[in-house]
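**Student:** One structure follows; several queries about it will come next.
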Amino acid sequence: MVRPCPWGKVKWDDGSVITIGQLAGYVGVSIKTVRVHHDKGLLPEPGRDASGYRRYSANDVIDLIKIRTLAEAGVPLARIRDLRSATDGELQQALREIDDELTARIRGLRATQGRLRLLAAGHLAPLPAEVGTHLEHLVGWGFTPRWVDLQRDLWILVFAAHPDQAITLFQEQAEILATPALRLLFLDYDQAHDLDAENPRIDDLARRIADATRERYGPDERPELDASSEILALIQGTVNAASPAWRRIDMLIRARLDA
């Protein structure tokens, strides 16, 4: 007779039993894994025969298959142990949650696989078409190849790490550079790359950029204090690392805006 229970066990009336090696072989795990499951309370210790050997039944095979299936789905062993005492309703709810978590993981893995294939093809990350157009404008406006390459790398980084905020930041940057007076500041900033950090032109450029920042954002607001501060800090840190002159310009701008 088959007797249902919350964990889905069945009982063989003929009393058939198997050894720990046979159990491990049927399920495709090692004997050591079976013993670990005993130690962690996942699989109850079975009775022993007259010779002192563990003897397992069909129930144990079914239990071990379920444990292995859940473990392979990434469910922590402690959670699997708790599910042994769950009611039918609790077990079904838990399994639905596990399925949802697994679906999310699969979606993430597929996205990672897509990025990996792009990398293999020589593309670090896809950029929106408008970013490509913007980079072409930079060339036409007279920015150096060094600056254009840096901008491309920065936008790849931002769109990969913060896709939800990247487009908003990019559009603001594009709007700024579309303004001739502000674009001139960026061109001067680009040309300052090779200047000595103590060159007087550095101080004048920092003053002009600070004045333009106040005019755009207001006297009491700093763009790096908004929700995008982490991204802006990442961008500015990368730019500063490329040139001592750029690093000093940033320091002077911050000092003027804090004053």
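**Student:** What distance in nm separates the two pseudo spin-label positions at residue 45 and residue 240, each 7 Å out from Cα along the beta-carbon direction?
**Tutor:** It works out to 6.1 nm between the two label points.
**Student:** Follow-up. Using Cβ contacts closer than 10 Å as the measure, can you line up 32, 40 from fewest to most? Show your work: numbers first, answer last.
**Tutor:** Details: 32 9, 40 13.
With the sparsest Cβ surroundings first, the list reads 32, 40.
**Student:** Order these peptides, 164-172, 58-66, by their mean beta-carbon neighbour count within 10 angstrom, highest first.
**Tutor:** Order by mean packing, descending: 58-66, 164-172.
**Student:** How big is the gap, in Å, between the Cα center of region 16-65 and the Cα center of region 126-162?
**Tutor:** Taking the Cα centre of region 126-162 as reference, the centre of region 16-65 is 60 Å away.
**Student:** State the extension gain, in nm to one decimal, for the chain segment bounded by residue 217 and residue 160, taking 0.36 nm per residue of separation less the distance between their alpha-carbons. Show your work: numbers first, answer last.
**Tutor:** On the way: separation 57, 0.36 × 57 = 20.52 nm, distance 2.71 nm.
Contour length minus the Cα-Cα distance gives 17.8 nm.
**Student:** Taking 8 Å as the Cα distance limit and 6 or more residues as the minimum spacing, I'd like the relative contact order of region 38-89 as a percentage.
**Tutor:** Result for region 38-89 is 31 percent.
All of the numbers you see were taken from the coordinates with simple rules; none came from a lab. Please read these numbers as outputs of a predicted model, since none were measured by experiment. Reconstructed Cβ throughout: ideal geometry from the backbone, glycine too, with neighbour counts over all protein chains shown.
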